[in-house]
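To start, the structure under review is shown below, and the notes come after it.
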Amino acid sequence: MKNNLHAEYRKIFNKEAENAYFSPGRVNLIGEHIDYNGGLVMPCAITFGTYVLASVNDEGVFRFRSLNFDDKLDIPLQQGYSKTKEHWYNYPLGIIDYFLKQHNELKGLDLLFYGDIPISSGLSSSASIEVVTAYMLNDLFECGYSKLELVQLSKEVENEFIGVNCGIMDQFAVAFGEKDKALMLNCDSLEYKAVDSNLGEYCLAIINTNKPRKLAESKYNERVQECQAALKALQQELDIQNLCDIDAATFRKYQHLIEDTTVLKRATHVIEENDRVKQAAEALAAHDLNEFGRLMYASHDSLKNLYEVSGKELDAIAEYGKTNPDVAGARMTGAGFGGCGIALVKQNGFDRFSKGMIEYYTAKIGYAPSVYSSSIGDGVGVLKELANS
C-alpha cells in the first residue's frame, strides 16, 4: 500500500501531493514500567509507522483522509479545536490546535494518512501520528521548533487534548530513533545515549497477541500508586525523588522499610529492571546478544511474577521463545495487559519461528497471534523516496 500512496492521493484530492513524511512506531527493548519511576528505558524505532502526504490548499480548510479508516473530516482553519468522540483524526487535529494556540501561521492542508502499525498493539501508533504531524507542520510552515520541543508538545497533546496520561518515552523514541541504535533514555532528565544495536544475524520479531491493550481498563494506575507508596516508605531514611535513584544493592539494605508485601514486589521489579537496562546497554555495545537475550527473559519473568502485568497471552510468547534454538531472548513489551511481545530471532530461522509461534500460541490461547519481522529504523523525517514520486 505504501508504494501506491501518491496514486491514492491523486484519486482522493485530484492533485499531486507536494510533501511526504514518515514517523515510525516503537518497541521498548527493555526497561518496563520505569518511565514514571524516573529511571532508564531502552526503546528503539521500528520499520512500521505512519505516512502522511500533504499539500497546502487555498481554501483555508484542513482535510483529513486515511487509508486505514473510513471516517474523514473537513474543517475550516480557525483559532482552535476540541476533541470529537474517538475518531483517529483527533491526533493530528490536536497537534494543529497546539500550533495555532502558539500563534503559528498555518494554511489549509489536504492530508492523507496511512499507517502499517497494528492498532491497539502497544507499538505507539498514537505517538507516531502525533509526531509526524508536528514534524510536518514545523517543516511546511517554518515554525522553528527543535525536535525535543516537537516531542514535548506531542506528549502535551496526548495528555491534554486526547486525555491519555502517558509518559514521554513513546514520542521521544519515534522522533529520535536511529537505524541500528537503541536509545538509553533517562525519563527524569531526558538525557539519552544512542547505543549501537546492530542485530547482526538476528532480526526483531514483533508478536501481536491480538488481545487489545486498554490501559484505562487495566491496573496501570494501581501500579503507579503502589510505586508511590514504595517511594514514600523508602523516603523515611533515604533522600530520593524516584525509585530508580537507587540501585538493587542499596535497595536490599532498605527494603525492610516497605511493610506491604505487594508494594515490596512492585518496587523490587522497578529497581532491578532499571539495573537490567544498564546491563543490557553493555551487552549490546559488546554485541553479546546471548546476554541481552538472557536479560530479556529475566525482565519478562519479573514483569510476570513481581509486577504482575503480563497474562497468559504474553507469557505464551516468552515460553515459546525458550523452546526455539533460533531465539536469543523474548519478553513482553509495553505496559502489558495484552499488546505485543518481542523476540530476537535469527533471520534465517524467522519463518520457522513464525510458524512455530503461531501453532504454540493458538493451541494455548485459542486464536492466532500476528508475527512481524522488523529491523531497528530511523525516527521521524521527510520521505524523500515518496516525495513527488
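Arrange the following residues from fewest to most other Cβ atoms within 10 Å of their Cβ: LEU289, LEU238, LEU111, LEU306.
LEU238, LEU306, LEU289, LEU111
Can you put SER23, SER374 in order of Cβ neighbours within 10 angstrom, beginning with the fewest?
With the sparsest Cβ surroundings first, the list reads SER374, SER23.
Pop out the ³J(HN,Hα) list for segment 97-105 in order, Karplus 6.51 cos²θ - 1.76 cosθ + 1.60 with θ = phi - 60°, rounded to Hz; leave Gly and Pro as x.
After applying 6.51 cos²θ - 1.76 cosθ + 1.60, I find 4, 4, 4, 5, 6, 8, 6, 7, 7 Hz.
When the chain is treated as a GNM, springs tying every alpha-carbon pair under 10 Å, which of GLU160, GLU237, GLU308 comes out with the largest mean-square fluctuation?
GLU237
Would you please classify the overall shape of segment 202-374 from the alpha carbon gyration tensor, given that a ≥ b ≥ c denote the square roots of the eigenvalues, rounded means a/c under 1.5, and beyond that prolate means a/b larger than b/c while oblate covers the rest?
In terms of gyration-tensor shape, oblate.
Considering amide H positions built from the backbone, and no H for Pro or chain starts, which residues 5 or more places from SER66, or on another chain, come under 5 Å of its amide H?
For SER66, whose amide H was placed from the backbone, the distant partners under 5 Å are PHE113.
To the nearest 10 degrees, how steep is helix 125-140 against the longest Cα principal axis of the chain, on a 0 to 90 scale?
It is inclined by approximately 40 degrees.
Return the ratio Rg/(2.2 N^0.38 Å) for segment 1-40, where Rg is computed over Cα atoms only.
Rg over 2.2 N^0.38 Å, computed on Cα atoms: 2.09.
If I fit a long axis through the Cα atoms of helix 350-365 and take the longest principal axis of the Cα atoms of the chain, what angle between them do I get, 0 to 90°, rounded to 10?
That helix lies at roughly 70 degrees to the long axis.
Neighbouring Cβ atoms within 10 Å as the yardstick, rank ARG331, ARG252 fewest first.
ARG252, ARG331
How much length is gained on full extension from SER370 to LYS312, taking 0.36 nm per residue of separation minus their Cα-Cα distance?
19.3 nm
Rg and Dmax of segment 118-193, using alpha carbons, in Å: what are they?
Spelled out, the Cα radius of gyration and Dmax of segment 118-193 are 12.4, 34 Å.
Return the calculated 222 nm mean residue ellipticity for the chain, to the nearest 500 deg cm²/dmol, obtained by summing -39500 (n - 2.57) across DSSP H runs with n ≥ 4 and dividing by the residue count.
Taking each H run of at least 4 residues, the total per residue is -12000 deg cm²/dmol.
Run down the aspartates and glutamates and flag those whose C-alpha is under 20 Å from the C-alpha of LYS355, throwing out any fewer than 8 positions away in its chain.
GLU201, GLU313, ASP315, GLU319, ASP326
Quick check on my link table: of LYS193/LYS312; LYS253/LYS304; LYS72/LYS211; LYS107/LYS193; LYS72/LYS147, which ones sit more than 32 Å apart, alpha carbon to alpha carbon?
LYS193/LYS312; LYS107/LYS193
For the chain, report the translational diffusion coefficient in µm²/s to the nearest whole number, using Stokes-Einstein at 25 °C, 0.890 mPa s, and a Kirkwood Rh over Cα pairs.
It comes out at roughly 113 µm²/s.
Evaluate the charge dipole of the chain about its Cα centre and quote only its size in Debye, nearest 20, assuming +1 on the Cβ of each Lys and Arg and -1 on the Cβ of each Asp and Glu.
Dipole of the chain, to the nearest 20 debye: 880 debye.
Kindly express, to the nearest 10 degrees and within the range 0 to 90, the angle between helix 147-156's C-alpha long axis and the longest C-alpha principal axis of the chain.
80
What residues qualify as long-range amide H neighbours of TYR89, i.e. H under 5 Å apart, gap of 5 or more or another chain, H built at 1.01 Å from N?
Amide H neighbours of TYR89: none.
I want to verify a result. In a Gaussian network model of the chain, Cα cutoff 10 Å, which of these has the top mean-square fluctuation: LEU73, LEU93, LEU204?
Taking springs between Cα atoms under 10 Å, the residue moving most is LEU73.
Taken together, the values in this text are just the output of simple stated rules run on the coordinates, not laboratory data. Here the structure is a predicted model, which is why all the values come from computation and not from measurement. Neighbour counts are summed over all protein chains in view; Cβ atoms, including those assigned to glycine, are modelled from backbone coordinates with ideal geometry.
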